[in-house]
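What follows is one structure encoded as structure tokens, with my remarks underneath.
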Amino acid sequence: MNYVKYRKLKNSIFHGIIFCVTLIGIVILAILLIDIIRRGIPFLTKTFFTNFPSRFPNKAGILPGIVGSVNIILLTIAFAVPVGLGTAVYLEEYAKNNRLTKFIKINISNLSGTPSIVYGLLGLAVFVRVMGLGKSILSGALTMSLVVLPIVIVSSQEAIKAVPQYLRHGSYALGATKWQTIRKIVIPAALPGIFTGVILSVSRALGESAPLLMVGAATYVSKLPDSVFSVFTALPLQIYYWMGLPKEDFKDLAAAGIIVLLAILLTTNAITIVLRNKYQRSVE
Amino acid sequence: MTQSANAAQDRKAAGNRIRRMKLSNTVARNILFLFASITILTTLGIIISLLRDSIGFFAEVPIKDFLLGRVWTPLFNDPQFGVLPLVSGTVLITFVSGLISIPIGLFTAIYLSEYANRKVRKVIKPILEVLAGIPSIVFGYFALTAITPFLKNIIPQTEIFNALSASIAVGVMTIPLVSSLSEDALRAVPDSLRQGALALGSTKMETSLKVVVPAAISGISASFVLAISRAIGETMIVTIAAGARPNLTFNPLQSVQTMTSFIVQASQGDNPHGTVGYYSLFAVGLLLFLITLGLNVFSHHMVDKYRKEY
């Protein structure tokens, strides 16, 4: 009987320990957010959003970072979504179950585990040098689309897999070809899941800095880009630049930049969660 | 007469339409295949561009000196390219961050999958997803401006840039990776196993640790390997918080340089195209790519080999 009590006590202690351990991640997240908000809020003025970086912390702004990030993300989506969705459709609907298909699938999962800085080296060697695009928005966006491509592919695949077979069978029975079925039945039904993947890749592209640094994104830009061949900066790089300056005020400025970055990311995350809840219900 | 001519015309038109439909199906299939092959081209592009520029490097520096050399001074007048200090920096950061992410992630997963009720899970899981979505640059900032001063308070000989602070940030960043993948693995274990253990009089703790965790071990270890691979490739946190001194040490209070932070540092400097310094970027990149590729392949292999079908 004593032994049973001892085992039950051990179980309770274990329960307590793993609950506290679970809280560690949450507590650190809370400290991180509070610390950043406390430091950054005083610098979040109207001019912070409309000014260029400056030697004077209270005049410095994040406008080029925001414009650069928006440009990069729009182009990245324009490249990565058609290719990623197309790949997913091919793999789920057309591809035969042979060695080539298996190889493509393994390759995609390896690509998703490749560090983003390696994509940066690829971008530097291929887009900047061989293709001669230089240190431009286009080089950055092409590199970034390769970074997010596995995310788009995998989430589109999941979405396509979740479309029930009877919808396809109904379409075939009416005489539709595979392509017509995909276009008019499968993709519309999978759209919420595909959209979730797109948003996930937007938030990844927004937070990534290493590949952009590699293709020569500037950390200090004094005019807005006028074409896809312009020099550019991005939100996280602007933050990185301020972080590296010795003056303590610039570190607070970096915190203000982080607040902007996190606000955008949390908004996109919230959209994903809402969409997923809606989507899960409609499938059930 | 005209009626049958009309019917023939209709049939012909319908036949044409069907042919067109089939043609567009074939065209679509081929275009989609081209899209799918872009993923293979990407891998080929990575391998070719890393190899091509590494060859320039290894023409000047023997592979043996690169892999076994203990001094990394690419910017000196008499540069030495022994990669071991960068490797030791990477290993140190990866090891210490693993000491944080692996136990915390696994315990979190056990709690969420075996102990927490639905309500608690519904609160904790989205918070962990937020943690997972925070960019590494933010963790880098946190390491530099919060963790390092905190460490300096406790241990005064901590350097301003140090491996420990970066490792803690990398560890925290990878907690959600370990916890979500391990939780998936734990939840995939069928309830019949748990019920069997409980029916034999086991406590929940004994059931979790002696039955459920061993049954899910392939997925759990795959999550560990992925966390390690992520820590090896992590760039911004170490660039910001760990410093830039190639340092063959396992003292986490000192400044170190990792493979990734060297790549960033060298790409920001003015290493003219065609010099050994420029090529060294790609040689280190190649080593990094091979290591993470090996780990990824290993983790898939493990999942395949030890996956049990229930």
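Only one of (1) surrounded by fewer than 17 Cβ atoms within 10 Å (Cβ to Cβ); (2) of a type in the set (A, V, I, L, M); (3) within 10 Å of chain A (Cβ to nearest Cβ) fails for B:L68. Which number is that?
(3)
To keep it simple, each residue is scored yes or no on (1) free of Cβ contacts under 8 Å to residues at least 60 places away in the same chain; (2) closer than 29 Å to B:S261 by Cα; (3) surrounded by fewer than 21 Cβ atoms within 10 Å (Cβ to Cβ); (4) touching a helix residue (DSSP H, G or I) at 6+ places or on another chain (Cβ under 8 Å).
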position	(1), (2), (3), (4)
B:G105	no, yes, no, yes
B:A109	no, no, no, yes
B:L112	no, no, no, yes
B:R121	yes, no, yes, yes
B:V130	yes, yes, yes, yes
B:I137	no, yes, no, yes
B:G140	no, yes, no, yes
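Examine the range B:79-102 for a residue that is of a type outside the set (S, T, Y), within 12 Å of another protein chain (Cβ to nearest Cβ), touching a residue at least 12 places away in the same chain (Cβ under 8 Å) and out of contact with any Gly (no Cβ under 6 Å at 6 or more places or on another chain), and state whether such a residue exists.
Looking through the range B:79-102, at least one residue is of a type outside the set (S, T, Y), within 12 Å of another protein chain (Cβ to nearest Cβ), touching a residue at least 12 places away in the same chain (Cβ under 8 Å) and out of contact with any Gly (no Cβ under 6 Å at 6 or more places or on another chain).
Among what's in the range A:204-222 and is of a type in the set (S, T, N, Q) and modelled with pLDDT under 90, pick the residue that is nearest to the chain's Cα centre (by Cα).
Applying the filter and picking the extreme gives A:T219.
If a residue has to be surrounded by fewer than 18 Cβ atoms within 10 Å (Cβ to Cβ) and either in contact with a Ser or Thr (Cβ under 7 Å, 6 or more places away or on another chain) or farther than 22 Å from A:T196 by Cα (or both) to count, how many in the range A:159-177 make the cut?
7
For (1) more than 11 Å from every other protein chain (Cβ to nearest Cβ); (2) touching a helix residue (DSSP H, G or I) at 6+ places or on another chain (Cβ under 7 Å); (3) more than 22 Å from A:V81 (Cα to Cα), each residue gets a yes or a no:
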site	(1), (2), (3)
A:R183	no, no, no
A:P188	yes, no, no
A:R204	no, yes, no
A:D252	no, yes, yes
A:L265	no, yes, no
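Inside the range A:235-246, can you point out the residues that are at pLDDT 90 or above and part of a loop (DSSP other than H, G, I, E, B)?
none
Given the conditions (1) without any contact (Cβ under 8 Å) to a residue 12 or more places away in the chain; (2) closer than 30 Å to A:A205 by Cβ, report the number of the one that B:P62 does not fulfil.
Condition (2) is where B:P62 drops out.
Can you tell me how many residues in the range B:72-107 are more than 20 Å from the chain's Cα centre (by Cα), in a helix (DSSP H, G or I) and of a type in the set (S, T, N, Q)?
Residues in the range B:72-107 being more than 20 Å from the chain's Cα centre (by Cα), in a helix (DSSP H, G or I) and of a type in the set (S, T, N, Q): 0 in total.
For the structure I just gave you, tell me whether B:G15 is touching a residue at least 24 places away in the same chain (Cβ under 8 Å), outside any loop (DSSP other than H, G, I, E, B) and within 14 Å of chain A (Cβ to nearest Cβ).
Answer is no for this residue.
So which of B:L193, B:L226, B:L209 ends up being surrounded by fewer than 18 Cβ atoms within 10 Å (Cβ to Cβ), within 11 Å of chain A (Cβ to nearest Cβ) and either in a helix (DSSP H, G or I) or of a type in the set (D, E) (or both)?
When all the criteria are applied, what remains is B:L209.
Within the range A:269-280, is even one residue facing chain B (nearest Cβ under 9 Å), in contact (Cβ under 8 Å) with a residue 60 or more places away in the chain and among the basic types (K, R)?
No, there is no match, as no residue in the range A:269-280 is facing chain B (nearest Cβ under 9 Å), in contact (Cβ under 8 Å) with a residue 60 or more places away in the chain and among the basic types (K, R).
Just a yes or no: is a residue in the range A:138-157 over 24 Å from A:V198 (Cα atoms), among the hydrophobic types (A, V, I, L, M, F, W, C) and in the same structural domain as A:K223 (by TED's automatic domain parsing)?
no
In the range A:206-220, is there at least one residue being assigned to a helix (DSSP H, G or I), in the same structural domain as A:N58 (by TED's automatic domain parsing) and farther than 20 Å from B:A241 by Cβ?
Yes, that holds for at least one residue.
Any residue in the range B:243-251 that is touching a Phe, Trp or Tyr at 6+ places or on another chain (Cβ under 7 Å) and surrounded by fewer than 21 Cβ atoms within 10 Å (Cβ to Cβ)?
Checked against the condition, which is being touching a Phe, Trp or Tyr at 6+ places or on another chain (Cβ under 7 Å) and surrounded by fewer than 21 Cβ atoms within 10 Å (Cβ to Cβ), the range B:243-251 yields no hits at all.
Would you check which residues across the range A:158-171 are more than 16 Å from B:S24 (Cβ to Cβ), part of a helix (DSSP H, G or I) and touching a helix residue (DSSP H, G or I) at 6+ places or on another chain (Cβ under 9 Å) and list them?
A:E158, A:A159, A:I160, A:K161, A:L167, A:R168, A:G170
Given the structure, is B:L23 more than 8 Å from every other protein chain (Cβ to nearest Cβ) and either outside any loop (DSSP other than H, G, I, E, B) or in contact with a Cys (Cβ under 9 Å, 6 or more places away or on another chain) (or both)?
In short, yes.
Starting from residues that are touching a Ser or Thr at 6+ places or on another chain (Cβ under 6 Å) and among the hydrophobic types (A, V, I, L, M, F, W, C), keep the ones in the range B:229-254 and report whichever is nearest to B:L86 (Cα to Cα).
Restricting to residues being touching a Ser or Thr at 6+ places or on another chain (Cβ under 6 Å) and among the hydrophobic types (A, V, I, L, M, F, W, C), the top hit is B:L248.
Out of curiosity, is A:G113 of a type outside the set (K, R) and at the interface with chain B (Cβ under 9 Å from one of its Cβ atoms)?
yes
When the range B:196-206 is examined, which residues are found to be free of Cβ contacts under 8 Å to residues at least 40 places away in the same chain and either assigned to a helix (DSSP H, G or I) or of a type in the set (K, R) (or both)?
Matches in the range B:196-206: B:G196, B:A197, B:L198, B:A199, B:M205, B:E206.
Looking at the range B:251-273, can you tell me whether even one residue there is assigned to a helix (DSSP H, G or I), touching a helix residue (DSSP H, G or I) at 6+ places or on another chain (Cβ under 6 Å), within 8 Å of chain A (Cβ to nearest Cβ) and within 20 Å of B:G98 (Cβ to Cβ)?
For the range B:251-273, residues assigned to a helix (DSSP H, G or I), touching a helix residue (DSSP H, G or I) at 6+ places or on another chain (Cβ under 6 Å), within 8 Å of chain A (Cβ to nearest Cβ) and within 20 Å of B:G98 (Cβ to Cβ): present.
Somewhere in the range A:87-96, is a residue more than 7 Å from chain B (Cβ to nearest Cβ), crowded, with 23+ Cβ neighbours inside 10 Å and closer than 20 Å to A:R204 by Cα?
For the range A:87-96, residues more than 7 Å from chain B (Cβ to nearest Cβ), crowded, with 23+ Cβ neighbours inside 10 Å and closer than 20 Å to A:R204 by Cα: present.
The values are calculated or read from the model by the stated rules, or taken from the named source; none is laboratory data. It should be emphasised that the depicted structure is a prediction, and the values quoted were computed from it without experimental measurement. Here the Cβ is made from the backbone with ideal geometry for all residues, glycine too, and neighbour counts use every protein chain on show.
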